[in-house]
Amino acid sequence: MTGSRALVVGDVIDDIIVVPTGPVRPDTDTTARISRHEGGSAANTAAWMAHQGAPVDFVGCVGPGDRERHEAVLRDWGVRSQLSEHPSLTTGTIVIVVEGEQRTMLTDRGANAGLRVDAVTDELLADAGVLHLTGYSLVDAFSADDLARLIDRAHAHGVLVSLDPGSAGFIADYGIDAFRAALRGIDVLLPNLAEGRLLAGLTDENVPADAGLAETLLDLAPAVVLTHGAGAVVVARRGEPTASIDVEATEAVDPTGAGDAFTAGLLTSLLGGADLVEAAQAGVRVARLAITRPGARPPQR
């Protein structure tokens, strides 16, 4: 890595988080706690990185009239954002129904589909040490060729490129083989267990998040960090021993954004010069903090 800043590119979302007080009852009322938060996997990661002290640039797209609000919220965490406004698509919105550690997400991608790869300028890349992307942008904003050109530009500037696949459902919709092919050039792949199984071509839901699965994914990237909620994190690297990192049990208030917080802790640590195992340990610590509070963003400064 030659630059000192993190560059995060991707989705901005308005989250509506619903926590039912009991089983959801069809065709009638179910009492619930409902809260609204700014979110989006990429924007969440940027906020958590800034919260950890990393200098962060963020690039995304919102709906008409929403740029100032989202930029101000990110600025409060210390994120320097470059948001464009789509002329007609509204800001992306997700309704997240939280039941224990399980979440059901109803997603309207909205203006995220209007994000263009040329919004990532050479000036931003010149200052970056790491570029973080999510698979969400590949679903509806960037073509595979767009992504390949961006990765090549990043590498030309000496930038490490990481990618969180984002959603097993969207990977399946996109096409597993096409998604795998689009990952060419990624340096660090950050799937969860469901995404890892899918990308490995495994349909057995009993396949564990273990060294074997993580090592299978090394055909997609030279480094893979496989997460599994409260389960162990597996770090696999070509030519090096695979490591497993235990996750301390923590009572979850809201698991929304825990993966984004993990990524933020890991990338912030990498920027600081840590190796990948140390960085994953830092990611576990940040994710543990994230699940103890509502919403997907860190506490305000």
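Some notes on this structure:
- Our summary gives the stretch 70-210 a relative contact order of 16 percent, counting only alpha carbon pairs under 8 angstrom and 6 or more residues apart.
- Mean shadow area of the stretch 54-202, taken as a quarter of the surface of its Cα convex hull (nm²): 9.7 nm²
- Antiparallel bridge percentage (DSSP; both residues within the chain; nearest 5): 45 percent
- In the assembled protein chains, L226 presents an accessible area of approximately 0 Å² (probe radius 1.4 Å).
- Positive-end residue, the chain charge dipole about Cα centroid, Cβ charges, pick of V56, V19, G40: V56
- The stretch 33-111: antiparallel DSSP beta bridges as a percent of all, rounded to 5: 50 percent
- Pairs of Cα atoms farther than 32 Å apart, the chain, %: 19 percent
- Using C-alpha pairs below 8 Å separated by at least 6 residues, the relative contact order for the chain is 18 percent.
- The antiparallel fraction among DSSP beta bridges confined to the stretch 51-174 stands at about 35%.
- Within the stretch 128-234, trypsin sites (Lys or Arg not before Pro) in DSSP loop having at most 16 other beta-carbon neighbours inside 10 Å: R184
- The stretch 1-157: relative contact order as a whole-number percent, Cα under 8 Å and 6+ apart: 29 percent
- Whole-Hz Karplus values for the stretch 19-32 come out as 10, x, 7, x, x, 5, 9, x, 6, 7, 7, 10, 5, 8 Hz, taken residue by residue from phi with 6.51 cos²θ - 1.76 cosθ + 1.60 and θ = phi - 60°; glycine and proline positions read x.
- Charge dipole (Cα centre; +1 on Lys/Arg Cβ, -1 on Asp/Glu Cβ; no other charges) of the chain amounts to roughly 500 debye.
- Residues with amide H under 5 Å from that of G39, placed H, sequence gap 5 or more: I13, D14, D15
The values are calculated or read from the model by the stated rules, or taken from the named source; none is laboratory data. Treat the numbers as computed from the prediction; the structure is a model and nothing was measured. FYI the Cβ positions are ideal-geometry reconstructions off the backbone, even for glycines, and counts take in every protein chain you see. For the accessible areas, the whole protein counts, side chains as well, though only heavy atoms, and no ligand, DNA or RNA atoms are used. Shrake-Rupley method; radii C 1.70, N 1.55, O 1.52, S 1.80 Å.
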